[in-house]
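Okay, so here's the structure we're looking at.
The values are calculated or read from the model by the stated rules, or taken from the named source; none is laboratory data. Owing to the predicted nature of the structure, the values given are computational and were not obtained by experimental measurement. Glycine also receives a Cβ, built like all others from the backbone with ideal geometry; neighbour counts cover every protein chain displayed.
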Amino acid sequence: MQLSKRIYEDYLKKSRLSYYEHLLYYAKERGYMMTGVLGFYRMLQDHDFDFTKGKKVKVLINRHDIDTSPKVAYQMFQIEQMVYGKQGSTTYYFRNSTVDKKIIKEIEQYGYETGYHYEEIADYEKEHRIKNKELLFEHLPQIREKFLNDLESYRSLTETQSLSIASHGDFINTKYQMQNTLILEDESTRQKSGIEVEAYDESMTKYIEARFADQMLLEKFYGEVIRAMRQEISVIMILTHPRNWKVDIIANTKENLKRAIQGSKYRF
Ligand SMILES: [Zn+2]
């Protein structure tokens with residue numbers, strides 16, 4: 001992203017939260033049920049709807065990756081409570097750096113979902129600086145070990161089960177073309193983790209007909225999602241990040257500084 005655009009996005013833009021609210025009201029009016037990632041996965045497991053029989057179902061899978069600002073995430077949660085209340089659900093994935101125990105507890109108690117937003121490949125590389133894709137690949141056993149330990153710590157810190165998790169994308173993942181989902185491409189690690197579903201699991205994503213991510217679309221996001229609903233697309237997933245909806249100066253500055261420091265320490 002251009003610097004001027006980044007400055008606008010992180011410090012100057014007006015809140016877009018009213019668009020988020022409109023979007024949810026529109027979904028509800030159009031008859032979309034709103035569910036989290038785990039909720040959708042369980043519906044598939046329970047054969048709650050059978051896509052092959054042409055039964056028209058309308059599902060909005062609502063996923064949030066809390067890369068920054070649990071504060072703005074909480075405001076999105078409040079909007080969801082207002083619009084769908086307990087008739088709906090969403091998923092909030094927290095990184096180690098954005099865990100907010102109080103907010104997580106409140107979301108869980110309300111009956112919505114939370115889970116671990118993991119980034120162990122990037123974390124491991126930043127710590128060990130292997131700087132070589134093949135070598136980094138050979139370190140996967142250690143990375144998997146680290147992931148299992150981190151997941152355990154996340155669960156005990158947040159007092160949640162985190163049965164669903166989602167991979168976070170970092171500049172390291174882009175550089176080496178290695179997504180964190182590689183960690184789970186190992187039967188034993190997956191079993192030990194005790195998770196039910198990873199947000200990128202093909203067994204689930206193959207049922208998603210349209211996916212919209214706010215970091216790609218920014219201000220176009222709202223219009224694109226509305227259009228998909230108008231077309232009555234059956235299963236839609238939206239992925240949002242707090243940073244794209246409302247300015248949180250402290251959280252954005254913290255993240256920008258962290259990124260700058262990591263970037264300067266880590267030379268390719
Ligand atoms: Zn992320």
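All of 152, 232, 198, 187 fail the test of being among the acidic types (Asp, Glu) and over 30 Å from residue 130 (Cβ atoms), apart from 232. Taken over segment 60-69, the criterion of being within 13 Å of the ligand (Cβ to nearest atom) and either of a type outside the set (Val, Ile, Thr) or part of a strand (DSSP E or B) (or both) is satisfied by 63, 64, 65, 66, 67, 69. I'd like to know if segment 187-210 contains one or more residues that are of a type in the set (Gly, Ala, Ser), surrounded by 14 or more Cβ atoms within 10 Å (Cβ to Cβ), over 18 Å from the mean Cα position of the chain (by Cα) and within 24 Å of residue 42 (Cβ to Cβ). Looking through segment 187-210, at least one residue is of a type in the set (Gly, Ala, Ser), surrounded by 14 or more Cβ atoms within 10 Å (Cβ to Cβ), over 18 Å from the mean Cα position of the chain (by Cα) and within 24 Å of residue 42 (Cβ to Cβ). When restricted to residues that are in contact (Cβ under 8 Å) with a residue 40 or more places away in the chain, closer than 17 Å to residue 248 by Cβ and part of a strand (DSSP E or B), segment 89-116 contains 1. Annotation: residue 130 fulfils all but one of (1) part of a loop (DSSP other than H, G, I, E, B); (2) modelled with pLDDT of 95 or more; (3) β-branched (Val, Ile, Thr); the unmet one is (2). For residue 150, the criteria (1) closer than 21 Å to residue 105 by Cα; (2) within 16 Å of the ligand (Cβ to nearest atom); (3) not in a helix (DSSP H, G or I) hold in every case but one, which is (3).
When each of 222, 207 is tested for being in a loop (DSSP other than H, G, I, E, B) and touching a helix residue (DSSP H, G or I) at 6+ places or on another chain (Cβ under 7 Å), the lone residue that passes is 207.
Can we say residue 56 is within 30 Å of residue 156 (Cα to Cα) and either basic (Lys, Arg) or part of a helix (DSSP H, G or I) (or both)? Criteria not met by residue 56.
Restricting 1, 82, 76 to residues that are at pLDDT below 95 and either in a helix (DSSP H, G or I) or out of contact with any strand residue (DSSP E or B) (no Cβ under 6 Å at 6 or more places or on another chain) (or both) narrows the list to 1. Do we have any residue at all in segment 248-264 that's over 19 Å from residue 92 (Cβ atoms), surrounded by 15 or more Cβ atoms within 10 Å (Cβ to Cβ) and polar (S, T, N, Q)? Yes, segment 248-264 has at least one match.
For segment 133-147, a residue qualifies if it is of a type outside the set (Asp, Glu) and in a helix (DSSP H, G or I), and the qualifying residues are 133, 135, 136, 137, 140, 141, 142, 143, 144, 146, 147. Does residue 226 meet the test of being surrounded by 15 or more Cβ atoms within 10 Å (Cβ to Cβ), within 15 Å of the ligand (Cβ to nearest atom), closer than 28 Å to residue 2 by Cα and β-branched (Val, Ile, Thr)? Criteria not met by residue 226. Under 6 Å between Cβ atoms, at least 6 apart or on separate chains: pull out the pairs that start in segment 167-180 with a residue that is more than 19 Å from residue 240 (Cβ to Cβ) and touching a residue at least 60 places away in the same chain (Cβ under 8 Å) and end on any residue that is within 15 Å of the ligand (Cβ to nearest atom) and assigned to a loop (DSSP other than H, G, I, E, B). Once the first residue is more than 19 Å from residue 240 (Cβ to Cβ) and touching a residue at least 60 places away in the same chain (Cβ under 8 Å) and sits in segment 167-180, its partners that are within 15 Å of the ligand (Cβ to nearest atom) and assigned to a loop (DSSP other than H, G, I, E, B) give 180/119.
Of everything in segment 167-185 that is under 18 Å from residue 66 (Cβ atoms) and in contact with a helix residue (DSSP H, G or I) (Cβ under 7 Å, 6 or more places away or on another chain), the residue that is nearest to the ligand (Cβ to nearest atom) is 168. Given the options 89, 97, 164, name the one that is small (Gly, Ala, Ser) and farther than 24 Å from residue 33 by Cα. Just a single option satisfies the conditions, and that option is 97.
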